[in-house]
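Below is one structure; the comments refer to it alone.
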Amino acid sequence: MTMQNGWRRVFSGMLTTIALVASVFCGLASAATYYIAPNGSDMNAGTSTQPWGTWAYALRQLDPGDTLVAENGTYDEASEAGFPNIDCAAGYANGTATQPIIVRAEQERRAFIKNNGRAAGTSFVLKNCSYWTIEGFWIENADFNDGTQDNGSVVNISYADHISLRRLLVQKPNRYRNSHAISLYATRNSLIEE
C-alpha cells in the first residue's frame, strides 16, 4: 500500500464518520412538538399557544420523531376535532426505530376522546403504521344500535408493528356490535402497558 492510498482511506473514513454524525444530529434536530386542542384551529401554527383543531389535519403534519400533544379537554362531535383515524398507507407518516411518532395527552387522562357510537364506529384507529406511541388518553365509545355490524371498538390497531399504547383509560365498547376495548389485528411487536 502506498502512502497516497493510505491517506485516501483515512480521509474517506473521516468523511464517512462526519456524514454519519451529521445525519444523526440532523435527524434529532428535525423532531418537533405540536399541539391540538378542542378549541384550536387548523389555521394555527400547531404551537401550545396556537394549537391545531382537528385530528385529521394535525396527525398528517407529523414526521418521524415528532410529538403531538393533546391539550386537556373533550374531543367529540361538539368540538369538531373528529376522531383519530390514522392510516399510514393513506398519507400519514410512519415513525422509525430511533424516531417514533408520539401522540400523547398533555396531562394523563385529561384529554378525553369521547365517541357517542354514532359519529364513527371506532374512537381511535391506527392501521398500516409502524413505530407509533399513543400515551395518556381517556378514550371511550358508547352503545348505539344502528343495525350494522361495523366495528364499535374503542381503540382499533390493525396491520401495524412496533406500536406502544401506554397509560390509556379505555372504556365502553359498543355492546351492540362485536367490539372490544382494545383490538389488535394483524399487529406484531407491539406493547400495551399501564
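Structural remarks
- Considering segment 88-111, the residues that are more than 16 Å from Thr54 (Cβ to Cβ) and either of a type in the set (D, E, K, R) or part of a strand (DSSP E or B) (or both) include one that is most open to solvent (accessible area, probe 1.4 Å), namely Arg110.
- Test for Ser48: is it surrounded by fewer than 18 Cβ atoms within 10 Å (Cβ to Cβ), modelled with pLDDT of 95 or more and at negative phi: yes
- Ser123 meets all of the listed conditions (1) surrounded by fewer than 20 Cβ atoms within 10 Å (Cβ to Cβ); (2) modelled with pLDDT of 85 or more but one, namely (1).
- Failed condition for Gly82, given (1) under 16 Å from Trp55 (Cα atoms); (2) modelled with pLDDT of 95 or more; (3) part of a loop (DSSP other than H, G, I, E, B); (4) not hydrophobic (A, V, I, L, M, F, W, C): (2)
- For segment 55-76, taking the residues that are within 22 Å of Ser130 (Cα to Cα) and part of a loop (DSSP other than H, G, I, E, B), the one that is most open to solvent (accessible area, probe 1.4 Å) is identified as Asp63.
- In segment 77-87, the residues that are open to solvent by less than 60 Å² (accessible area, probe 1.4 Å) and acidic (Asp, Glu): Asp87
- The combined condition, being modelled with pLDDT under 85 and farther than 19 Å from Gly65 by Cα, is fulfilled by Ser179.
The values are calculated or read from the model by the stated rules, or taken from the named source; none is laboratory data. Just so it is clear, the model here is predicted, and its values are computed rather than measured. Virtual Cβ from ideal backbone geometry, glycine too; neighbours counted across all protein chains shown. Surface accessibility is based on the protein's heavy atoms, side chains included, excluding ligands, DNA and RNA. Shrake-Rupley method; radii C 1.70, N 1.55, O 1.52, S 1.80 Å.
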